[in-house]
C-alpha cells in the first residue's frame, strides 16, 4: 500500500471534510448524465440539476433533507413522466432517462458510503449507455475522462473523511484503469461475438437528410447544399474514371407532371444482361440516413446480403432503414447490354405520362420525333436541344409552376440535375422511348491518407436511363451536356456560394483540407476496425496467429489463455508491489541515527517506535538523552505530524544535517576479569 495512504495528515478544515465525498459522487453522476444530455428530454435534465443542487445544499447543512414521503411521490411522478414520454420503459432511450431520474432521486437520500457507491454505479451505467448509443472517435476522450472521474469518486468515497488527497486518488484510479486495459483488450479481441441481432439495440428514430423515393424541383438542390458525408468507398483493384463514377440509388418511374416517384408498381422481368469490360470490386460504408437504400456503382451483380433485396431496376433495398454504420462488399460493371426486347408491360410502365400535363413538351417531342428515323436519332435530337437551347446550371433556379417541365424548357431554362433529368425523361417518354429517372450520387472526393473515396451529400445527382432496342438500358446524363464540368469538379468549384462561408473556408484552405482528410481517415479506420469489429475479424486474427481452421472453440481457448495470462501478470505485479519499498529520504536519515546510537551501546528494538526509543535512552543512558531525545522527537513529528509540502522537504533536510553532526562515543568493549592467583 502507498505510504501516503497509511499516514494521512488531518484535514485543515475538519468541518468541511464530509462534503468532499458527496461532491465527487455528484460530479461523477452529473458527468455520466451529461454524456447523454442531447438524448434525454429537457425536463429530465432539469430534474437532474435540481436534485444535485438540493443534495449539495443538504451536505453543506444549508437545506434539510427531503422527507421520505416526498421522495416516494417524486419517484412516482417521474416514472410516470418517463412512460408518458416514451410509452415504454424498455429500450436504450427510455432506459437511459429512467436511470437518470432514478439516480437523481437516489441522490436525495444519499447519506453514507453505501449510498454513494450506488450513485456512482448508476453513473457507470450511464457511461455504458452513452457508449452503446454512440461510438464516435471524437467522444472517446469524454468516455475515458468520465471513467477516470467515476473511479476517482469511488476512491474518495471509500476513504470518506480520511482526507485522501485528490492527486493520489486520481493517480490510483488511472493506475487501476491501466492495469485493467489488457483484460479489456483480451475480451475485445477474443470474446465470441454472435452474428445477427443478438447484440443489436433498438434503433432511434432520428431522421437524417438523404435521398428519398421522390424527386421534385428543389429536393436535390437542398441536399446538394449539404457537405455532410453520405458514404465512403474503398476499391480493391482498379478505380473507374470520373465519368463513370455514378452511384445508383432510388429509380423513379411514376410522374404526375411535377413530381417523380418510385411508385408502387408491379415488378417486371428485366431482359438478361451481358456484362462488358472488367468488373470493379469495392467496399461501401454507409453513413446512417434512416433510408433503406444501399448505394452501388452503376450496375451491381446481385445482392451482397441476404437481408437486402435486389430489385428489378437494379437497386439494393434493405429490409430495415440504415440507422448505423453499414459496410458491405459489392461487384459492379459500368457497361452492360441486352439483346432481348423489353416486354410490353415494362414498356407501358416506363413510357407513361400524365394526360393533359406539360402540353408544350409533348409538342416539342412530336416535332423532334418526326425528323428522327429511329430512337437513337431522336435521342441525339433531344441532346442537341439541351446543348444549344441556352440552358444554365444553377442550384437556385426560379420556382416552377404546375406544368414544371414546360415551365423549365420554355421559360426559365435554369436549373440543376433534377430539372434536367426530369425534362429529358419526359421528352423521351413523349417521343415513345422508354425512360426513367435514376437518383444517387456522382463523383467523390479522393482521400489519399485513407485510400478511399468520400461521397458527400453535395454529390447528390439525378440522371436518365433510356431503353434502346438491341442494346438495353443506357445512361444519359443531360446535366453533363449543359455543365460538363459537373462530372470532374465538385460543387465548391462550380458553385462556391451553394454552401456556407464556414464550409468554403474549411474545404478550400489546403492545410485545413489536409487536416480534415487525416481526421476523416482516422475516423474511418476507427469505424472499420473497432466499431465494426465482428466474428470474421476475430477469426482472421487467430489465423494470423497461426491457428488453422479457426472456429468458436479456438476463440474460447484464446480468451481463456488471455485471461489466465492477465491474472498471472496481476499476481506478479501485486507480489512485487507488496515487497518492501525503498526507504525515503527521511527514513534513511532515521536509520543512520539509529546506527549511531547502536554503536553507543543502546540499539533500537524492532518493535520500538521513536518516542519509546527516546524514553529508553533517557532511562539507560542519561548522558545521551540531551542529544538523542530531540532528534527522535523531531523524526516522530516529521513522519507522523501534520507537515507537508515544501515545509516538510526543508525540515527533512535540516534533520539530515543534524544527524550528520551528531557524534556519540563508541562504547568500549568490556575486558574479561583475570582470575586471582590465590584461586
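Scan the stretch 39-67 and report the pairs whose first residue is at negative phi and whose second residue is not in a helix (DSSP H, G or I), with Cβ atoms within less than 6 Å and a gap of 6+ or a chain change. Every condition considered, the pairs that remain are 57/63; 58/65.
Among the residues in the stretch 373-386, are any in a loop (DSSP other than H, G, I, E, B) and touching a helix residue (DSSP H, G or I) at 6+ places or on another chain (Cβ under 6 Å)? No: the stretch 373-386 contains no residue that is in a loop (DSSP other than H, G, I, E, B) and touching a helix residue (DSSP H, G or I) at 6+ places or on another chain (Cβ under 6 Å). Residues in the stretch 454-474 that are under 24 Å from residue 233 (Cα atoms), touching a strand residue (DSSP E or B) at 6+ places or on another chain (Cβ under 7 Å) and touching a residue at least 60 places away in the same chain (Cβ under 8 Å): 454, 455, 456, 457, 459, 460, 461, 462, 463, 465. Tallying residues that are part of a strand (DSSP E or B) and under 27 Å from residue 289 (Cβ atoms) within the stretch 451-475 yields 13. Number of residues in the stretch 416-430 that are touching a helix residue (DSSP H, G or I) at 6+ places or on another chain (Cβ under 6 Å) and buried (at least 24 other Cβ atoms within 10 Å of the Cβ): the value is 9. When residues in the stretch 318-339 are screened for being modelled with pLDDT of 90 or more and over 26 Å from the mean Cα position of the chain (by Cα), 8 of them pass. Residues in the stretch 546-581 that are within 22 Å of residue 178 (Cβ to Cβ) and over 37 Å from the mean Cα position of the chain (by Cα) were compared, and the one that is modelled with the highest pLDDT is 575.
The values are calculated or read from the model by the stated rules, or taken from the named source; none is laboratory data. Values in this document were obtained by computation on a predicted structure and should not be read as measured data. Note: ideal-geometry Cβ built from the backbone for every residue, glycine included; neighbour counts use all protein chains shown.
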